[in-house]
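Taking it in order: structure first as C-alpha cells, then the write-up.
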C-alpha cells in the first residue's frame, strides 16, 4: 500500500496552484474547447472541482466518521455543476477553488487522525463499504485525473493543426 495522508495532501495542496498557473490568462478558445458533445471543457472541470469541494469529499468523510457503515452517505451528483447559471471568469473560478480547497485541507487535518481513522469504513451508495483512506486516495487521484483531462482536451483542439506529427504525440493517440 502506497497511501500516506501527507502525500495525498501534497497533491491536494498543489492542484489549485497548478491549475491557476496553467489556465489563468488563456484565450477563451483554450478554456472552452471540449472533445465533443457530452464532454467537459477546462472551465466546466473547474466548476466540477469546486462542486466536489463543497459537496463531496469533506461531507463524506464527516459522514463516515459519524455514521460508519450504518447507512450509505448521500449520492454526489457529478454533473450538477453543468446546471449552474452564474457566469464567472476563469480567474474567479480558480480563486474560489483555491479558497475552498485551502479550507478543506485545514478541516481534513483536524478531522482525520491518520493513526486512528484511515481504516474506518462507511457505506458508499453504489460500492458498499469504503475506507477513509480510500476516499482520501480517490480525492487526490481525482485531481490528477482532471488535470490530465484538461491537458488532453486542450491538446485535442490542435489535433488537425499538428499535421503528420500527430503520430509522435502520444496525447493525441486514439484510445479504444
* Structure fact -> 1/(1 + (r/R0)^6) with r = Cβ-Cβ of residue 37 and residue 152, R0 = 25 Å, i.e. FRET efficiency to nearest 0.05, evaluates to 0.90
* **Stretch gain in nm, segment residue 169-residue 99, where the contour uses 0.36 nm per residue and the Cα spacing is subtracted** => 21.7 nm
* To do: Report, to the nearest 10°, how far helix 42-55 tilts away from the longest principal axis of the Cα atoms in the chain, using its own Cα long axis and a range of 0 to 90°.
  => 10 degrees
* Structure fact -> Most fluctuating of 26, 111, 135 in the GNM of the chain (C-alpha, under 10 Å) is 26
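What ranking, highest mean first, results for peptides 55-64, 29-38, 162-171, 116-125 when packing means the other Cβ atoms within 10 Å averaged over each residue? Kindly include the intermediate steps, with their values, before the conclusion.
Details: 55-64: 18.9, 29-38: 12.9, 162-171: 10.1, 116-125: 15.8.
Highest mean packing first, the order is 55-64, 116-125, 29-38, 162-171.
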* Return the distance in nm (one decimal) between the two label points of a simple spin-label model at residue 13 and residue 138, each offset 7 Å from Cα along Cα→Cβ. => 2.5 nm
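So what's the back-of-envelope 222 nm ellipticity for the chain, counting only DSSP H runs of four-plus at -39500 (n - 2.57) apiece and dividing by all residues, rounded to 500? Walk me through the numbers before you get to the answer.
On the way: 6 runs with 96 residues, N = 176.
Result for the chain, helices only: -18000 deg cm²/dmol.
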* Relative to the longest principal Cα axis of the chain, at what angle does helix 132-156 sit, 0 to 90 degrees, rounded to 10? -> 10 degrees
* Which angle between 0 and 90 degrees, to the nearest 10, do you get for helix 5-23 versus the longest principal axis of the chain when only C-alpha atoms count? -> 30 degrees
* **15 Å cut-off, amide nitrogen to a point 7 angstrom out along residue 83 Cα→Cβ, residues in region 37-77** => 48, 51-52, 55, 75-77
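Sort 130, 141 so the one with the fewest other Cβ atoms within 10 Å of its own Cβ comes first.
Values: 130 20, 141 12.
Least crowded to most crowded, the residues run 141, 130.
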* Asked: Calculated from the structure, Cα extents along the principal axes in Å equals which of [x] 55, 35, 28; [y] 60, 38, 28; [z] 100, 37, 24?
  -> [x]
* To do: Please give the FRET efficiency for residue 126 paired with residue 55, using the beta carbon to beta carbon distance and R0 = 25 Å, rounded to the nearest 0.05.
  => 0.90
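Once you keep just the Cα pairs under 8 angstrom separated by 6 or more residues, what percentage relative contact order results for the chain? Please list the in-between numbers first.
On the way: 170 pairs, mean separation 56.0, N = 176.
After rounding, I find 32 percent.
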* Of 98, 85, 107, which has the largest mean-square fluctuation in a 10 Å C-alpha GNM of the chain? -> 85
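A short reminder: the numbers here are calculations on the coordinates, not readings from a lab. These numbers come from a predicted model, not from an experiment. When we count neighbours, we look across all protein chains shown, and the Cβ atoms used for this are built from the backbone with ideal geometry, even at glycine.
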